[in-house]
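Novice: Just passing along the structure, written as structure tokens.
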Amino acid sequence: MTLLCHHPDLGSRLTMSEHSVNEQKGAGLGTLPAAEQQELSRDNDRYKGKFGFPFIIAVKGKTPEEIGKALKERLEHTPEEEFRTALEEVYLISWYRLTSWMEQNMTEERV
């Protein structure tokens, strides 16, 4: 649970790791219109209130619309279902970051 609780809020403007900033920027979350940002923030608050940890999703390759839809759908999960889903998303985020790191470093070593 501690791992999940330390994850930054999606779309937050607060301090995030460089990876999180780049991933959320790549998904278009940094440039949402104010109304969409407010809706995302409200849904994030509802999610955190229900489950006790922030909404976690691997945003790579997803649009803001897909992310918002997933958030609304996952609000319907039971706490047990959502805990498992959040852990799966942490795994995906880690996998994407690890493969990106490997690609960058293996390319540098070959040059």
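Novice: How many residues does segment 62-81 contain that are within 15 Å of Lys48 (Cα to Cα) and crowded, with 16+ Cβ neighbours inside 10 Å? Talk me through it step by step, then tell me what you get.
Specialist: Filtering segment 62-81 for residues within 15 Å of Lys48 (Cα to Cα) gives 68, 70-81.
This time we only want the ones that are crowded, with 16+ Cβ neighbours inside 10 Å, so: 68, 70-71, 74, 77.
Looking only at that region, the number is 5.
Novice: Can I ask one more? Does Arg84 satisfy being buried (at least 17 other Cβ atoms within 10 Å of the Cβ), at pLDDT 95 or above and of a type outside the set (S, T, N, Q)? Break it down stepwise before answering.
Specialist: Working: buried (at least 17 other Cβ atoms within 10 Å of the Cβ): no; at pLDDT 95 or above: yes; of a type outside the set (S, T, N, Q): yes.
Here the answer is no, as Arg84 does not meet what is asked.
Per-residue answers, yes or no, for (1) out of contact with any Pro (no Cβ under 7 Å at 6 or more places or on another chain); (2) modelled with pLDDT under 90; (3) not charged (D, E, K, R):
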| position | (1), (2), (3) |
| --- | --- |
| Glu18 | yes, yes, no |
| Leu29 | no, yes, yes |
| Asn44 | no, no, yes |
| Lys48 | no, no, no |
| Lys69 | yes, no, no |
| Pro79 | yes, no, yes |
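Novice: Sticking with this one: Checking Leu75 against (1) under 20 Å from Ser94 (Cβ atoms); (2) in contact with an Asp or Glu (Cβ under 8 Å, 6 or more places away or on another chain), which test does it fail?
Specialist: Exception for Leu75: condition (1).
The values are calculated or read from the model by the stated rules, or taken from the named source; none is laboratory data. Source: prediction; values computed, not measured. FYI the Cβ positions are ideal-geometry reconstructions off the backbone, even for glycines, and counts take in every protein chain you see.
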